[in-house]
Each structure stands twice: as C-alpha cells, then as structure tokens.
Amino acid sequence: MTRIAAGNVKLKRAYEAATAADGRRILVDRLWPRGVKKADAAIDLWLKDLSPSTDLRKWFGHEPARWEEFSRRYRAEIDRHPDQLAELRKLAQSHPITLVYSAHDELHNNAVALRDIILGR
C-alpha cells in the first residue's frame, strides 16, 4: 500500500462552509445531514456503504466510552467494501480529500475512524 500523506485526508462537519482547500468532498454518513441544502454542501461523492450500519450507529450513540469497540466493529464493516476503500485511498494519494460528517463530537465519529483506516493506522 502506498503511503498517504496525513494532510491529504481532512475532516469537516457538514455544517461548515466548503472551501477550495477541501479538495474532493466526500460525505461519509448514511443519512443526509439535517438542514443542509445539497447545493451548499458541495459534496462530490457520497459513500453510504462506507458509513456505519444503522445498527452500529444506533448502538454507538456517540458515547465516548464505546469508541474503541465502535472503531473495531466499524473497521470490520468497512472490510466488506474493499473496492470503495481502495477508491478513497487512490483519491487521497494524489489529491486532498475531505471526509464530511454531521456528528457534533469531533473526536468520536465515523469520519475520524475512517481517516485512520485510510491512512493505514
């Protein structure tokens, strides 16, 4: 696997304005962010299959105490979609990408976990 520069995989809440520095904006939530217009979101790609399953998302409930187990279970779900993960890695090797998410918790959410997976952590 080719190493990806950490700076090439950014994170941003869906409620923050898009900027040119974002590169390709990829929505990584299963549900569209509440109250965000599609035109304002400037999403280039929506990868629902790489978002946590509904059951996993509901179980996690953004409880920091469940973070480690959530990350483990989420990684197992992502492993079932190797082609989409490879596509994300390929994009991130040559250009900046921004994983767009809607969670309030900026430290414990699926975009954080997915970024670590993309970077091979």
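The values are calculated or read from the model by the stated rules, or taken from the named source; none is laboratory data. Owing to the predicted nature of the structure, the values given are computational and were not obtained by experimental measurement. No Cβ is skipped: glycine too gets one built from the backbone with ideal geometry, and neighbour counts run over all protein chains shown.
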- Query: If we keep just the residues of the stretch 39-74 that are surrounded by 14 or more Cβ atoms within 10 Å (Cβ to Cβ) and acidic (Asp, Glu), which is farthest from VAL28 (Cα to Cα)?
  - Reply: ASP44
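Would you tally the residues in the stretch 101-112 being within 18 Å of ILE4 (Cβ to Cβ) and either more than 12 Å from the chain's Cα centre (by Cα) or surrounded by 21 or more Cβ atoms within 10 Å (Cβ to Cβ) (or both)? Spell out how you get there, then give the answer.
Quick first cut of the stretch 101-112, residues within 18 Å of ILE4 (Cβ to Cβ) only: 111-112.
Checking which are either more than 12 Å from the chain's Cα centre (by Cα) or surrounded by 21 or more Cβ atoms within 10 Å (Cβ to Cβ) (or both) leaves us with 111.
Within the stretch 101-112, residues that are within 18 Å of ILE4 (Cβ to Cβ) and either more than 12 Å from the chain's Cα centre (by Cα) or surrounded by 21 or more Cβ atoms within 10 Å (Cβ to Cβ) (or both) number 1.
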- Task: Scan (1) in contact (Cβ under 8 Å) with a residue 12 or more places away in the chain; (2) over 15 Å from ASN109 (Cα atoms) for the single condition ALA20 breaks and write down its number.
- Result: (1)
- Query: Pairs under 6 Å by beta carbon, first residue more than 23 Å from GLU63 (Cα to Cα) and modelled with pLDDT under 95 in the stretch 95-121, partner surrounded by fewer than 24 Cβ atoms within 10 Å (Cβ to Cβ) and of a type in the set (S, T, N, Q), six or more apart or different chains?
  - Reply: none
- Query: Of the residues that sit in the stretch 18-38 and are of a type in the set (A, V, I, L, M) and surrounded by 18 or more Cβ atoms within 10 Å (Cβ to Cβ), which one is farthest from ALA103 (Cα to Cα)?
  - Reply: ILE26
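Could you tell me which of the residues LYS48, LYS38 is under 23 Å from ILE4 (Cβ atoms), modelled with pLDDT under 95 and out of contact with any helix residue (DSSP H, G or I) (no Cβ under 9 Å at 6 or more places or on another chain)?
Details: LYS38 fails: under 23 Å from ILE4 (Cβ atoms).
That would be LYS48, the only listed residue that is under 23 Å from ILE4 (Cβ atoms), modelled with pLDDT under 95 and out of contact with any helix residue (DSSP H, G or I) (no Cβ under 9 Å at 6 or more places or on another chain).
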